[in-house]
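Before any comments, here is the structure.
All of the numbers you see were taken from the coordinates with simple rules; none came from a lab. Everything numeric in this text was worked out from a predicted model, so none of it was measured. All Cβ positions, glycine included, derive from the backbone under ideal geometry; neighbour counts span all protein chains shown.
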Amino acid sequence: MKVIRARVLGFCFGVRRALDMCLAELGAGGRVYSMGALIHNPQAMEGLKQKGLCLLDEDALPPFFSGDTVIIRAHGVSPLLEAELLRRGARIVDATCPRVKANQLKARSLCEEGCRVFLAGEKNHGEVIGLQAFAPGCILMENGGEAENAAAELKKNSPGFIKTALIGQTTISAGEYAAIEESIKKYFPDLETVNSICNATAERQESLRELCGMVDAVIVAGGRSSSNTRRLLAVARAEGKPAWLVEDPSGIEELAAPYCGDKTDSLEPRCPEKPCLARYQTIGLCAGASTPDEVIDQIESKIKSNPD
Ligand code: SF4
């Protein structure tokens, strides 16, 4: 079975930076916490936990940190949470990706200028929750339909001119962002659209589209909780390719089993008559921005070990 890798795949700058900062803190000794999962990859998180990293739950913070280190994850936290950590005695190491940080500051300055801010992104995603805190009163939406309804409602309730701006989660696809922009502009043609999409995300999506032209099916390597990884899966399927998301080599074993229809939630279509992978000769391999190199290598080896 032939495997072709996407031109760009795996760790992005922000994730690698957060990981390096965390490893440096763990190496320096002392108790080190991370505010939720530092990166959305189970293997990478397991490795960090084995080195001593403790995970914090926002709803169950320790009463006092005594100067212990708390690392802020790559997709950031709300300023309120950061202030609470400081109040409880934490030493903050801010690993928020500079790209996310720039969006947070832009969202804040738009609000301070009196803009009504539309925020495009996944409702319960940590980055979006953090961004909302920088843009109090922002209108959150996930797609063009929601944007159209929200913009129509705002227009109805604000007949005069109001300044509006659109900012998005760094991992939103360019197509979705453009659809949301278009929906809002029907009601607010002067909308200011912030270029908030991270190049790392766009690059991985673009190189996946190129890859789709060369392969029969696609494996997306990465954590199911990773937003940019799930979006890669959606991109491959939108390109008309059978595609599956696998977190580790065991996911490939499931796809290669005689009947894999019920074994993973990421299968499409069901294949009771033949193993999924055996139906394809050339498999494209891409990976989310939080997938470690060694996991990509292991998954590639596993695919190649399947008979043609
Ligand atoms: S995907 Fe982009 S914004 Fe997100 S952590 Fe990576 S470099 Fe930063």
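Projecting the Cα atoms of Ala217, Gly288, Leu19 onto the charge dipole of the chain, computed from C-beta unit charges around the Cα centre, puts Leu19 farthest toward the positive end. Between Phe161 and Leu55, the FRET efficiency from the beta-carbon distance, with R0 = 51 Å, is close to 0.60. Mean silhouette area of region 13-96, derived from the convex hull of its C-alpha atoms and averaged over all directions, reads 5.0 nm². Checking the Cα-Cα distances for Lys101/Lys123; Lys2/Lys241; Lys101/Lys241 against a 23 Å cut-off, the pairs over it are Lys101/Lys241.
The longest part of the chain holding none of the exposed loop GluC sites (Glu not before Pro), meaning those outside H, G, I, E and B in DSSP with at most 12 other Cβ atoms within 10 Å, is 114-272. Summarising the amide proton neighbourhood of Ile139: residues at separation of 5 or more, or on other chains, whose placed amide H is nearer than 5 Å comprise Val117, Phe118, Leu119. Candidate cross-link partners of Lys106 among the lysines, defined by an alpha-carbon separation under 17 Å and a same-chain spacing of 8 or more, comprise Lys163. What residue among His75, His125, His40 has the largest mean-square fluctuation in a Gaussian network model of the chain, using Cα springs under 10 Å? Sorting by GNM fluctuation, first place goes to His125. When the Gaussian network model of the chain links Cα atoms closer than 10 Å, the mean-square fluctuations of Thr193, Thr171, Thr229 top out at Thr193. Distance from the C-alpha centroid of region 119-160 to that of region 174-226: 18 Å, rounded to the whole angstrom. For region 99-193, the Kirkwood radius over C-alpha pairs fed into Stokes-Einstein at 25 °C and 0.890 mPa s yields D = 188 µm² per second. For Leu55, the residues whose amide H sits under 5 Å from its own are Ser34, ignoring neighbours fewer than 5 places away on the same chain, with H placed 1.01 Å from N. Dipole magnitude for the chain: about 320 debye, using +1 per Lys or Arg Cβ and -1 per Asp or Glu Cβ, origin at the Cα centre.
Highest mobility in the GNM of the chain, judged by mean-square fluctuation with C-alpha springs under 10 Å and restricted to Asn103, Asn41, Asn149, is found for Asn149.
Close amide H contacts of Arg5 (hydrogens built in the peptide plane, cut-off under 5 Å, sequence separation of 5 or more or a different chain): Leu285.
Karplus-based coupling profile of region 154-165, in residue order and whole Hz: 5, 4, 4, 8, 9, x, x, 6, 10, 7, 10, 8, with θ = phi - 60° in 6.51 cos²θ - 1.76 cosθ + 1.60 and x standing for Gly or Pro. Restricting the calculation to Cα atoms, the chain shows an Rg/Rh of 1.02 when the hydrodynamic-style radius is the Kirkwood one. A Cβ-based charge dipole, computed about the Cα centre of region 155-242 with Lys and Arg at +1 and Asp and Glu at -1, lands at about 400 debye. For region 43-145, the set of chymotrypsin sites (Phe, Trp or Tyr not before Pro) satisfying both a DSSP loop assignment and a count of at most 16 other C-beta atoms within 10 Å is given as Phe64.
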